Amino acid sequence: MPVTLGDLLADRELGLSVAVAGRGLDRPVSWVHSSELADPTPYLDGGELLLTTGLALTGTAPEDYAARLAAHRLAGLGFGTDLGYARVPAALVRSCTAHGLPLLVVPERTPFLAIAKAVSAALAAESYAQVVRTDQAQRSLTAAALGRGGAGGVVRRLAELLDGWAAVVDAGDTVRVCAPRTAARRLSGLRSELARVRGRHGATSATVADGADHVVLHRLRLPGPGVLAVGRPAPFSPVDLQVVGAAVSVLTLLQARTTAVGRAERALRTAVLRAMVELPGPGVAAIGEPLWGRPPGEGALVLALRGRSGSADELLDALEALDDGPLFFAELDGAVVVVAEPELEADVLAATARVPDVRAGVSEPVRGAGDHPPGGAHNGLPVAGPLHTAVEQASRALDAARRLGRARVRFADLAGSGLHELVPGRDAAAFAEALLHPLVRHDARGRGDLVASLREWLAHHGQWDPAAAALGVHRHTLRARIDKAAELLGRDLDSPGVRAELWFALHVPARP
């Protein structure tokens, strides 16, 4: 705390006393200056304790003298007695009282230099205390950054150091981290100020008043322009602002380190997952074990996730904050793939739910490696491992979830609902139109109902009589229609593959 008039009065060695308390003795003293000029204010900055023996009063009225000093916002006036005056003149006491200027009595035994030294020593001690406090705060913030808390730990420690609240806001006005949890609500009235600070280039800060709080805003370099907001009811001292500046430096370095390391770690995760998927055989799943622990084994589920933006960063951020049992995840071919124990499925979906329009596809449980030939090959060709199958299932289910607008689709449900759910609607419709076009064109010319006849014939497994009865035509008529269809299609309708393709095409909804 800065030295005040009250601190000087409490120093018994100085022996000062109060003649006029003025507007308070808690005023900080910026410096001590002695002058016998009638108007010393041109040589003062304000905030000083002015010392005089009273010689200035011979050339000016006490009323004017006190008024000038008070208007210049001096901390106070110290009057040395037993030199020019045995006691403080009553007129000066009245004038200082009228203008609220504190007036101290300095006894003859106390040199003015002793008061100056006392103030100088106190200011030096205060300056040293500020340096120590700033250094300790920076060490504390650095330790928080190096701990497991990361940016959240730094923000929590900053709020504790300043006895207030703190928050980091990104370019989209999303609160990344805050302390305490209620701090996010305090930012609702600062949207324009946040945008103004974000919009400036370089190191930018602003101090604003928001209701009962004083708030400091600092621009941060995140993956986009962000802002550190710190607030509390009491104003911020210069040391407090230095502590905030230290937090900005620590958060900036932490973000740079986190970005570089995070990218490398995520790339490594992707490589490990790709190896787990594409390289069957024992031991492959243990590649990432030294870094992330042993991934889930047989019976695990694979979840494929994707958000509205298509970027994996938000999903990976959410999953990295989830520390809950056997779990492995990485970006793979544009989606975030998670391998987790079945009981963790709900936790994974809850953690990623905040990502806009996130969709999830869930595989069937991963089968054991015993179902595949040893060595990962059969007849000289590589055989996909059990995880590969599960990833494919999850990806198919994810495609269906995005196509159908569902938050989650399970492959088991998808497989049970028919082949159409596995094929994108546009692709299926284009295939059906191309395959059936000769028949549709023939029917449009009024030359026979080939499409309906083919559908009914296939529905009755190629049996003529039941199909003809269902159509209400003679079996020879139906045979003639099917022969014509085979001719127009140029395909062998006795082939099971051809029949399967036609059955699929005949049940695809037409494009609008």
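For the reader, a short list of remarks on this structure follows.
- Of the residues making up the stretch 122-137, at least one is within 30 Å of residue 34 (Cβ to Cβ) and of a type in the set (Asp, Glu).
- With respect to (1) outside any helix (DSSP H, G or I); (2) at pLDDT 80 or above, the lone exception for residue 354 is condition (2).
- Residue-level check: of (1) in contact (Cβ under 8 Å) with a residue 60 or more places away in the chain; (2) more than 19 Å from the chain's Cα centre (by Cα); (3) not in a loop (DSSP other than H, G, I, E, B), residue 236 misses just (3).
- Within the option set 338, 391, being at pLDDT 85 or above, touching a helix residue (DSSP H, G or I) at 6+ places or on another chain (Cβ under 6 Å), crowded, with 17+ Cβ neighbours inside 10 Å and in a strand (DSSP E or B) holds for one residue only, 338.
Rundown of residues vs (1) under 30 Å from residue 304 (Cα atoms); (2) surrounded by 12 or more Cβ atoms within 10 Å (Cβ to Cβ); (3) of a type in the set (Gly, Ala, Ser); (4) at pLDDT 90 or above, yes/no style:
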{"residue": "410", "(1), (2), (3), (4)": "yes, yes, no, no"}
{"residue": "422", "(1), (2), (3), (4)": "yes, yes, no, no"}
{"residue": "425", "(1), (2), (3), (4)": "yes, yes, yes, no"}
{"residue": "440", "(1), (2), (3), (4)": "no, yes, no, no"}
{"residue": "443", "(1), (2), (3), (4)": "no, yes, no, no"}
{"residue": "468", "(1), (2), (3), (4)": "no, yes, yes, no"}
{"residue": "501", "(1), (2), (3), (4)": "yes, yes, no, no"}
{"residue": "509", "(1), (2), (3), (4)": "yes, no, no, no"}
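- Residues of the stretch 445-459 satisfying the condition of being among the basic types (Lys, Arg) and farther than 12 Å from residue 482 by Cβ: 445, 447
- Number of positions in the stretch 12-30 that are surrounded by fewer than 16 Cβ atoms within 10 Å (Cβ to Cβ) and either over 14 Å from residue 115 (Cα atoms) or in contact (Cβ under 8 Å) with a residue 40 or more places away in the chain (or both): 8
- Residue 147 vs. criteria modelled with pLDDT under 80, on the phi > 0 side of the Ramachandran plot and not basic (Lys, Arg): no
- All positions within the stretch 445-462 that are surrounded by 12 or more Cβ atoms within 10 Å (Cβ to Cβ) and either among the polar types (S, T, N, Q) or outside any helix (DSSP H, G or I) (or both): 448, 449, 453, 460, 462
- If you filter the stretch 470-497 down to residues that are small (Gly, Ala, Ser) and in a helix (DSSP H, G or I), you find that the one that is surrounded by the most Cβ atoms within 10 Å (Cβ to Cβ) is 485.
- Restricting 201, 99 to residues that are assigned by TED's automatic domain parsing to the domain that holds residue 238 and either at pLDDT 90 or above or not polar (S, T, N, Q) (or both) narrows the list to 201.
- Which listed residue is within 24 Å of residue 386 (Cα to Cα) and modelled with pLDDT of 85 or more, from 289, 331: 331
The values are calculated or read from the model by the stated rules, or taken from the named source; none is laboratory data. Since the structure is predicted, the reported quantities are computational estimates derived from the model, not experimental observations. In this analysis, Cβ positions are derived from the backbone assuming ideal geometry, glycine residues included, and neighbour counts consider all displayed protein chains.
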